[in-house]
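The values are calculated or read from the model by the stated rules, or taken from the named source; none is laboratory data. Quick caveat, the model's predicted, so the values are computed rather than measured. Heads up, the Cβs are rebuilt from the backbone with ideal geometry, glycines too, and the neighbour counts pull from every protein chain shown. Each accessible area value is taken on the protein alone, full model and side chains, heavy atoms only, with ligands, DNA and RNA left out. Shrake-Rupley method; radii C 1.70, N 1.55, O 1.52, S 1.80 Å.
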Amino acid sequence: MKPLLRAVLIVDALLLIAVGGLCLLSPWRALFDALQLASIEPPMVGQALGIALVGLAWLALHAAIDGDLTTSIARAVSHVNWLTGALMLVWVIALRDPSLSGLGQLVSVVAGAALVIVGFGGARLAAAVRRRERAQALDAAKTAQVAKGVKGARGVKDAPEPALNTAPRVEPGVEPSIAPASSAAWPEPAESRVVADFDAPRSSQQN
């Protein structure tokens, strides 16, 4: 849909260049008489308007190339175009001012209708592209958030479990009980072994 909007911008730029170039030639009275159009008085105003329209056309061409500016500038240029075309149609058809001959009136009506159609269509298309870009940005943000949550869950799952404290719990004010060691655990004193060694021969002699 965005390539179509760029094509509409190129058409808008061509229309603006045509109208702006005609306004720049406002001092050329013979051209306006040949086209049976009303000349712009004073010519300085026509040339100033032509410079503004040519600058707007350059902006439209730049937006057709630069994707970041396409939507916003397309909306602005399209609104300018259809409003200008509607104003031309009101003055030429409804108010019939200035009074033009058949060819001049036909050229003005065709130019006004073309500006209205292209401008209104470009504005609607720019709004649709803008909504689509917002939806895509929202979906990308949701996808990134879900991926971040999955990655965090995997990190928590792979983390090592904390070691359990196996030390005995001692309550405050209570001495820990120590189990008595068994007699087999303690060695026999050396003196008792010596006395046993001396008593053993005596008992054998008495027998």
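A few comments on the model shown:
- Per DSSP, loop trypsin sites (Lys or Arg not before Pro) in the range 20-104 with at most 11 further Cβ within 10 Å: 96
- Computed over protein heavy atoms with a 1.4 Å probe, the carbon and sulfur contribution to the accessible area of the range 34-122 reaches 76%.
- Counting only protein heavy atoms and a 1.4 Å probe, the range 38-143 has 59 square angstrom of accessible area per residue.
- Fully extending the segment from residue 31 to residue 109, taken as 0.36 nm per residue of separation minus the present Cα-Cα distance, adds 26.2 nm.
- Average projected area [Cα convex hull, the range 1-81], square nanometres: 5.4 nm²
- Both radii are taken from the alpha-carbon atoms of the range 92-149; with Rh as the Kirkwood radius, Rg/Rh is 1.50.
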